[in-house]
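The block underneath contains the structure these notes are about, expressed in structure tokens.
Values quoted throughout were computed directly from the atomic coordinates according to the rules given, and no laboratory measurement underlies them. Here the structure is a predicted model, which is why all the values come from computation and not from measurement. Here the Cβ positions follow ideal geometry from the backbone for every residue, glycine too, while neighbour counts run over all protein chains shown.
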């Protein structure tokens, strides 16, 4: 391992850790976004995990402002661990080499932890950017109450690594990033921290999360293997009759299969998607009420970063995909009784998601049809003020703009 170090404060508040492996195309943008922060009490540590491209040459112009560490290739977890060991800040800020921060990221995040000593980490919202750094329409500002964070993260990973600021003491207590993981190693770490510390969030988009052809999230087999490893590690294996598992294990494995199903559907693998969707319902019937999942399926024809945007959305095609897939799931005679009982909830939630998509794209008559179908499938949706108000607005729009194309 070799290190080059500029003169910096011995006690910075924040250590920015940028691991990179063959990301010469992007790493300069990541470094520049860190240097452009309006918050100035930080250091930058770049861990070159044995890159074989021209990454070092790209990083060279920044050597007077970053600490550069080269090591033989060991994987992302090992690179993150090296970064933590080489750093000195009381807060650790991961920044992946293909992502960027917006200028007020650290100025927003560091005061969150300064003002809440009981919080072990903080997270922010994020927006997709393309390979060239252009902003894409899809973004997330999802925030959950701290007391629900662990159970929510057990079910689905709604964070991006570059959008979490962690207290060093909490990272040290949790132990190093797991080098057995080649993906979702960040989720494993946040779950460990969340066992004993509060995790807080800010509903503000502060991170540019890049989508490109080299993202490891596009490797479906690798992602599923990593998710299974994390689920087993934290909640127990998938062996035995799932109906007898503890509730959190069922939630975690149901969420795993649902997320994997979505990945397969969006990759065009309908058979794989339906197989995992069936497993999700068999293990955890409450996936029937996962609006976000059905919303994603309603955008199945669209690439990451553009889901929900008007120009390319094919609602009718995606609605047929959802309906046929649910029909296959609930036609299975081996589905447990509790799962079969979730049928109306599933069709109702799916229609609700399609109705919202139609409403957002100003197809008001189509929105009215789907939202009415949602209420007929599951009357409890009327009790939810958010969806009730959307239904009323869609009804009004469809009546006053009867010429709107359905």
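Key figures for this structure:
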{"item": "Within a Gaussian network of the chain (alpha carbon springs, distance under 10 Å), most fluctuating of 94, 246, 146", "result": "246"}
{"item": "Counting DSSP beta bridges with both ends in the stretch 2-210, the antiparallel % (nearest 5)", "result": "35"}
{"item": "Cβ-derived FRET efficiency at R0 56 Å, residue 56 paired with residue 389, nearest 0.05", "result": "0.50"}
{"item": "Considering only the chain, percent of DSSP beta bridges that pair antiparallel, nearest 5", "result": "35"}
{"item": "Between the stretch 311-379 and the stretch 111-136, the Cα center-to-center distance that results, in Å", "result": "32"}
{"item": "Principal-axis tilt of helix 343-360 within the chain, Cα atoms, nearest 10 degrees", "result": "70"}
{"item": "Contour minus Cα-Cα distance for residue 291 and residue 41 (0.36 nm per residue)", "result": "85.9 nm"}
{"item": "Modelled FRET efficiency - R0 35 Å, residue 314 with residue 10, Cβ distances, 0.05 increments", "result": "0.05"}
{"item": "Degrees between helix 247-266 axis and first principal axis of the chain (Cα, 0 to 90, nearest 10)", "result": "90"}
{"item": "Within the stretch 166-206, backbone nitrogen closer than 16 Å to the virtual label 7 Å beyond the Cα of residue 71 toward Cβ", "result": "172, 175-183, 185-186"}
{"item": "Alpha carbon centroid spacing (whole Å) that separates the stretch 155-223 from the stretch 243-305", "result": "20"}
{"item": "Mean Cβ neighbour count within 10 Å, used as a protection proxy, ranking 121-128, 305-312 highest first", "result": "121-128, 305-312"}
{"item": "For the stretch 114-270, share of DSSP beta bridges that run antiparallel, in % to the nearest 5", "result": "40"}
{"item": "Ranked packing of 226-234, 135-143, most packed first, by mean Cβ within 10 Å", "result": "226-234, 135-143"}
{"item": "Length added when fully stretched, residue 380-residue 141, from 0.36 nm per residue minus Cα-Cα", "result": "83.4 nm"}
